[in-house]
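The structure under discussion appears below in the form of structure tokens.
The values are calculated or read from the model by the stated rules, or taken from the named source; none is laboratory data. This one's a predicted model, so the numbers in the text were calculated from it and none came from an experiment. Please note: Cβ atoms are built from the backbone with ideal geometry, for glycine as well, and neighbour counts cover all protein chains shown.
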Amino acid sequence: MLERISEHIWIMPKDDETDRPILGYVSGGKTSLLIDAGNSPDHISFFYGAVRSMGMPDPSFIALTHWHWDHVFGLSGSPAKSIASVMTNERLVLMHRWDWTDTALSSRVAAGLEIQYAADMIRKAMPIRQSFKIKSADITFEDHCGLRIDDIDCQILHVGGPHSDDSTIVYIPSESVVFLGDCCSEDLYLNNSMRLRELSPLLRRLETIEARWFIPSHGEPMEKSAFLSEMAEVEKIGKLVGKLTNEDQLAAQLEKGLGRAATEDELTSGRFFVAGNRIKPGDKKRLMDEKKANLYRGSDSRIDDILSEGFA
């Protein structure tokens, strides 16, 4: 049930059926670290069972890569101390106020507060949610957090990127492993968009990290060179798309730049960048402010004040 990546690191593989991401596990012998909490209490419980069956210690800490439901819902099923960036925790505090019943999920989708894909997967992963509440983090940090698991140094680094502005990675230098979360993926909550101004700086930073293995949450472990090579192709498509905002012109523009017809994967990447080009400066803040206004109409405004910067 767990796959060994290095001497001290294992993963529980992803499961696309209910959108379960990879869970990472760093064991120093007496203490251990879990990377991401999974998409439900059942998910993290399954992880605990696998770890115990192998005679390894329960996680002492959980590091969260970002706020999306499939990475944090399992927190309520673990006594471990959780670690998250300040930005991630702001969203957890917000979501703690939410009702997760089917009716509430449907209402948030209709209001633009949730995406249909996430709502569908939440229903599959957690059929019963009447009393479910999201936990906030026990430990927060701004830019980076160092953690020692027995003799193993772990670095939790806020990197941002196109997927979510709170994205963090977990780097274990001695094991030559980086857990990426979803930091290089498109922004599902903002029209499946990708922006070069967020992707390119992230890739330049990842290039400087000395590691053999890069592990994306919804992919497979890849050698650093192979992963960055794939992302270089995505970045290339973004450059060819340029400032294009009309998807009808995408195929012709890519064919002109590539000197051949674009593949389906290249067209998909191109659509992400076109969607990103449609987002004007300030639109992201405006959209998030509108969502908050809809959510908090008639409710406690103090949380609004606390979170206003986190959603900018």
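Quick notes
- Residue in the stretch 96-103 that is under 19 Å from residue 215 (Cβ atoms) and surrounded by 15 or more Cβ atoms within 10 Å (Cβ to Cβ) present: no
- Leading residue by the ranking (nearest to residue 90 (Cα to Cα)) among those in the stretch 142-154 that are touching a helix residue (DSSP H, G or I) at 6+ places or on another chain (Cβ under 7 Å) and in a strand (DSSP E or B): 153
- Meets criteria (of a type in the set (Asp, Glu), within 23 Å of residue 70 (Cα to Cα), touching a helix residue (DSSP H, G or I) at 6+ places or on another chain (Cβ under 9 Å) and modelled with pLDDT of 95 or more) for residue 186: yes
- Residue 124 vs. criteria surrounded by fewer than 17 Cβ atoms within 10 Å (Cβ to Cβ), of a type outside the set (S, T, N, Q), part of a loop (DSSP other than H, G, I, E, B) and in contact (Cβ under 8 Å) with a residue 12 or more places away in the chain: no
- Residues within the stretch 175-206 that are under 17 Å from residue 9 (Cβ atoms) and free of Cβ contacts under 8 Å to residues at least 60 places away in the same chain, tallied: 1
- Set side by side, the residues 76, 45 differ, and just one is modelled with pLDDT of 95 or more and among the hydroxyl-bearing types (Ser, Thr, Tyr), which is 45.
Table: residues versus (1) within 17 Å of the chain's Cα centre (by Cα); (2) surrounded by fewer than 21 Cβ atoms within 10 Å (Cβ to Cβ).
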| site | (1), (2) |
| --- | --- |
| 178 | yes, no |
| 184 | yes, no |
| 188 | yes, yes |
| 230 | no, yes |
| 244 | no, yes |
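- Tabulated pairs, the stretch 248-269, first in contact (Cβ under 8 Å) with a residue 60 or more places away in the chain, second of a type in the set (A, V, I, L, M), C-beta under 6 angstrom, 6+ apart or interchain: 269/234; 269/237
- Meets criteria (within 19 Å of the chain's Cα centre (by Cα) and surrounded by fewer than 14 Cβ atoms within 10 Å (Cβ to Cβ)) for residue 66: no
- Of all residues in the stretch 6-19 being out of contact with any strand residue (DSSP E or B) (no Cβ under 8 Å at 6 or more places or on another chain) and touching a residue at least 24 places away in the same chain (Cβ under 8 Å), the one that is surrounded by the most Cβ atoms within 10 Å (Cβ to Cβ): 19
- Residue under evaluation residue 200, criteria (1) assigned to a helix (DSSP H, G or I); (2) buried (at least 19 other Cβ atoms within 10 Å of the Cβ), criterion not met: (2)
- Checked against (1) at pLDDT 95 or above; (2) among the aliphatic types (A, V, I, L, M); (3) assigned to a helix (DSSP H, G or I), residue 157 meets all criteria but (3).
- From the options 105, 157, 94, residue that is in contact (Cβ under 8 Å) with a residue 60 or more places away in the chain and within 21 Å of the chain's Cα centre (by Cα): 94
- Residue that is at positive phi and over 17 Å from the mean Cα position of the chain (by Cα), where the choices are 138, 120, 150: 150
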